[in-house]
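Heads up: the structure comes next, in structure tokens.
The values are calculated or read from the model by the stated rules, or taken from the named source; none is laboratory data. Model, not experiment: these values are computed from the prediction. Neighbour counts are summed over all protein chains in view; Cβ atoms, including those assigned to glycine, are modelled from backbone coordinates with ideal geometry.
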Amino acid sequence: MIFTRYLYNADEVCYTFLECLITNKDLDECYFWIYEYFSSGFKEETWQFLWEVYYDFYALNYPRMKKKIIQLNERFKKDEDFAHIMFVVKNLFRFVNKDDKKIIDYKIFVNRVYYSKKMVYMFKDKNSKEIEKYNCETKYEKLLVKSILANCDKSISYYLYKNIDNHKLILLLEKVCKKKIKLNNHYKNKFHMLLFEILISNNNGGYYYKKEEADKLWEIYESDVSMSPIKKGKYDISQIYKTINFHRKYSISNDIGCFPLERFNYNLKEMFWYHWEYFAYNSPLWKKRFEKFKIKINHEKKCIDFLDDDELDEFYDQYNYEPDEQCLETQQKSTLPIKKKSYKKWIKVHFI
């Protein structure tokens with residue numbers, strides 16, 4: 001489990017951002033959550049998560065969007081300006097609905113998180129002559145080819161996952177899909193990208209995709225550069241314990257229980273109250289703060305031991321957020337109950 005800058009659970013920050021985005025809820029809140037993750041030191045991880053969201057929900061409908069995001073990702077690598085991330089978020093937010101109709105798609109998402117790990121369809125020995133021309137060397141190669149030829153998304157996901165470490169996989173897919181496949185070198189998830197390439201190939205290049213609509217919808221306004229995801233305000237900075245009360249503008253979503261949340265492995269409230277330093281240390285921002293002092297990580301007691309009492313006092317003079325002393329409203333912005341639920345129920349609420 002990892003705590004962010006203001007002691008939210010890092011994974012819940014990401015999934016709450018996703019909820020805000022696909023529900024078209026509030027752009028400012030989307031900015032808040034993605035900045036909370038980014039400012040906690042997860043710069044590259046922020047981009048990886050944005051790519052994951054894009055491939056899960058947007059890529060099938062608007063494949064041209066990928067080029068725009070790549071451009072912004074490349075600009076970010078030069079100057080690390082958060083505005084580039086805001087540009088991506090704003091346009092993902094705008095693409096969710098068009099003419100009051102949800103135009104994002106969950107097909108890749110459900111195949112990636114569910115069907116890739118679960119075999120739900122057994123093929124009969126059909127199209128054997130057609131398959132022979134691909135010179136498959138293993139049973140999983142053969143079954144993947146069968147899945148693609150049968151246009152069976154669920155088995156494509158499963159057998160693609162089984163073949164993912166096959167060094168000849170891309171060459172095989174290029175033959176079957178009859179196209180050149182070039183991976184996005186800004187994203188690390190090879191399985192995710194190849195799943196997209198297969199599904200879009202099997203659906204004649206897209207679902208609702210129209211080139212002119214994609215170009216028209218993607219509009220970046222120069223005025224956005226000066227926008228800030230943080231609402232500035234005044235408070236007495238000498239009262240450190242007020243920090244998270246002041247900065248916790250939003251609560252995490254209680255509708256993200258379908259995801260593999262770290263909280264399910266811990267007594268969250270106890271960790272938040274009495275062990276926050278230990279879990280905050282796992283984020284780059286807090287690690288950098290702690291390592292200015294002589295410390296030792298105590299994994300058994302889940303705490304940070306300071307080797308010098310004066311340094312301990314100096315640290316808490318700056319960062320004694322006292323989460324156990326906050327009002328209930330402030331605490332529950334990260335500790336409210338979340339019930340486990342199935343992906344099916346989550347999809348039904350947001351897409352069906």
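Quick notes
- Some residue of segment 326-334 being part of a helix (DSSP H, G or I) and under 15 Å from Met1 (Cα atoms): yes
- Screening the candidates Asn282, Asn298 for the property of being in contact (Cβ under 8 Å) with a residue 24 or more places away in the chain, touching a strand residue (DSSP E or B) at 6+ places or on another chain (Cβ under 9 Å) and under 27 Å from Glu45 (Cβ atoms) yields one hit, Asn282.
- Here Asn111, Asn24, Asn61 are screened, and the one residue that is among the polar types (S, T, N, Q), part of a loop (DSSP other than H, G, I, E, B) and within 28 Å of Ile164 (Cβ to Cβ) is Asn61.
- Taking the criterion of being aromatic (Phe, Trp, Tyr) and within 12 Å of the chain's Cα centre (by Cα), the residues of segment 1-36 that qualify are Tyr15, Phe17, Trp33.
- Qualifying residue in segment 130-140 (condition: touching a residue at least 40 places away in the same chain (Cβ under 8 Å) and more than 27 Å from Val349 (Cα to Cα)): yes
- When the criteria are applied in full, Glu329 fails the requirement of being exposed (fewer than 15 other Cβ atoms within 10 Å of the Cβ), touching a helix residue (DSSP H, G or I) at 6+ places or on another chain (Cβ under 7 Å) and within 25 Å of Glu12 (Cα to Cα).
- Some residue of segment 37-48 being among the basic types (Lys, Arg) and either in the same structural domain as Ile338 (by TED's automatic domain parsing) or under 15 Å from the mean Cα position of the chain (by Cα) (or both): yes
- Any chance Lys142 is of a type in the set (D, E, K, R) and either in contact with a His (Cβ under 9 Å, 6 or more places away or on another chain) or surrounded by 16 or more Cβ atoms within 10 Å (Cβ to Cβ) (or both): yes
- Residue check, Phe87 surrounded by 21 or more Cβ atoms within 10 Å (Cβ to Cβ), farther than 22 Å from Glu197 by Cβ and not acidic (Asp, Glu): yes
- Enumeration of residues in segment 137-167 that are farther than 13 Å from Tyr115 by Cα and β-branched (Val, Ile, Thr): Thr138, Val145, Ile148, Ile164
- When Phe17, Phe3, Phe57 are checked against the criterion of being of a type in the set (Phe, Trp, Tyr), crowded, with 23+ Cβ neighbours inside 10 Å, closer than 30 Å to Leu336 by Cα and touching a strand residue (DSSP E or B) at 6+ places or on another chain (Cβ under 8 Å), a single residue qualifies: Phe3.
- Residue-level check: of (1) within 21 Å of Val113 (Cα to Cα); (2) surrounded by 15 or more Cβ atoms within 10 Å (Cβ to Cβ), Ile170 misses just (1).
- Helices (runs of 4 or more DSSP H) completely within segment 143-209 that count 2 or more residues being modelled with pLDDT under 90: 190-202
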